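Participant: One structure is given below, represented as structure tokens, and several questions about it will come after.
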Amino acid sequence: MLSILLLVAAVVLFFVGRSSSAGGAGGRRIGAALSAVGGVLAGVFACVHVVSAYEVGVPVTFGKVGSPLASGIHFTSPFTDVTSFSTRPVDLNLNDDEVVEVRSSQGGVLYADVTIKWAVVPDEAVALYRLAGSEEAIQERLVLADSREVIRNVFARHTSEEGYASARERIGSQIEELIKERLAPRGIDVTAVNLRNVRPSKKLQEQIDKKIQQEQATERAVEASRTAEAQAERKRIEAEGIARANKIIEQSLSEKVLYNQCLEAYKEAAKANPVYAVPCGTDANGTPVIVDSGKN
């Protein structure tokens with residue numbers, strides 16, 4: 001429009017200068033020339049479009065979408081509007097207000113912080129333009145919506161404990177694989193998906209704490225039972241050992257053995273005090289032995 005206005009002004013000044021007196025004609029002719037040069041330059045610049053590095057442009061002329069424009073200088077119609085898309089990975093951070101609320105297979109509520117790195121495939125820029133219209137719309141309508149759905153579906157296959165602890169790495173790998181499969185046919189290249197943090201809701205955390213307390217109480221009861229069983233087993237073994245020892249002693253004791261043990265006992269006692277009668281033996285051979293301090 002600026003080019004057209006300048007060219008129209010140049011024409012007007014030229015004809016006005018021709019019809020004017022010699023004194024003002026020269027100035028109007030110079031103005032006409034400058035306007036013509038400005039109009040030509042404006043027209044040239046209107047036909048030149050520069051696509052920045054790591055971007056791809058989609059030209060639209062009177063509602064008709066053209067072929068994608070790579071990085072560099074391009075000559076287009078002055079009535080062509082070019083929409084640019086970044087081919088560098090863009091970070092989509094799902095945290096804080098955008099955190100993904102998911103449910104486990106047990107119904108527990110978890111909150112997942114996820115970062116998704118995505119970029120537009122240059123050859124698919126036209127299709128994405130027709131589908132969304134702008135880079136912001138692609139992220140909002142395609143990347144964000146599909147990623148949330150995939151994240152929720154993956155967590156729904158796992159228990160709460162797996163979600164925030166034991167299977168977190170495996171869940172992250174599954175999310176990345178499924179998001180790539182979902183967005184690749186649409187011309188969106190997902191370079192990385194990082195499951196940064198998973199935290200349980202307040203209610204689920206209370207349930208987890210209660211479960212941990214119950215498990216600890218159960219472990220203490222089991223340990224106490226094991227200790228009691230071990231003590232009972234030890235006492236049983238000791239009792240059996242004592243019983244076997246008594247049985248062996250009972251079988252090995254005879255009257256002569258007892259008689260000799262009785263004599264030895266009173267012999268030791270006679271070293272300190274005189275003994276006059278030793279009641280060893282009860283039959284005819286059990287004659288009392290008289291012992292004093294001077295005799296054996």
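Here, each number is a calculation from the coordinates, and none is a lab measurement. Every value quoted in this text rests on a predicted model; they were computed, and no experiment measured them. So basically every Cβ, Gly included, is an ideal-geometry build from the backbone, and we count neighbours across all protein chains shown.
Participant: Please compute the Kirkwood hydrodynamic radius over the stretch 125-187, one decimal place, Å, based on all pairs of different Cα atoms.
Facilitator: 12.8 Å
Participant: Please compute the net charge surrounding Ala125, taking Lys and Arg as +1 and Asp and Glu as -1 over other residues with Cβ under 15 Å from its Cβ.
Facilitator: Residues near Ala125 contribute -4 overall.
Participant: Between Asn95 and Glu149, what length in nm is gained on full extension when 0.36 nm per residue of separation is reduced by their alpha carbon distance?
Facilitator: Computed gain between Asn95 and Glu149 is 17.9 nm.
Participant: Given a cut-off of under 8 Å on Cα pairs at least six residues apart, what relative contact order in percent is computed for the stretch 90-199?
Facilitator: Rounded, it is 39 percent for the stretch 90-199.
Participant: How about Lys247: which aspartates and glutamates have a C-alpha closer than 16 Å to its C-alpha, ignoring those fewer than 8 places off in the same chain?
Facilitator: Glu238
Participant: Here's another thing I want to ask about it. What is the sum of charges, Lys and Arg at +1 and Asp and Glu at -1, for the other residues whose Cβ falls under 14 Å from the Cβ of Ala137?
Facilitator: -1
Participant: Next question, about the same structure. Based on the alpha-carbon set only, what is the convex hull volume of the stretch 90-199 divided per residue, in Å³?
Facilitator: Spelled out: Cα convex hull of the stretch 90-199, divided by residues, is 84 Å³.
Participant: Neighbouring Cβ atoms within 10 Å as the yardstick, rank Ser173, Ser84 fewest first.
Facilitator: Ser173, Ser84
Participant: Another question about this same structure. For a footprinting-style exposure proxy, rank Asp113, Asp81, Asp96 by other Cβ within 10 Å, fewest first.
Facilitator: So the residues, fewest neighbours to most, are Asp96, Asp81, Asp113.
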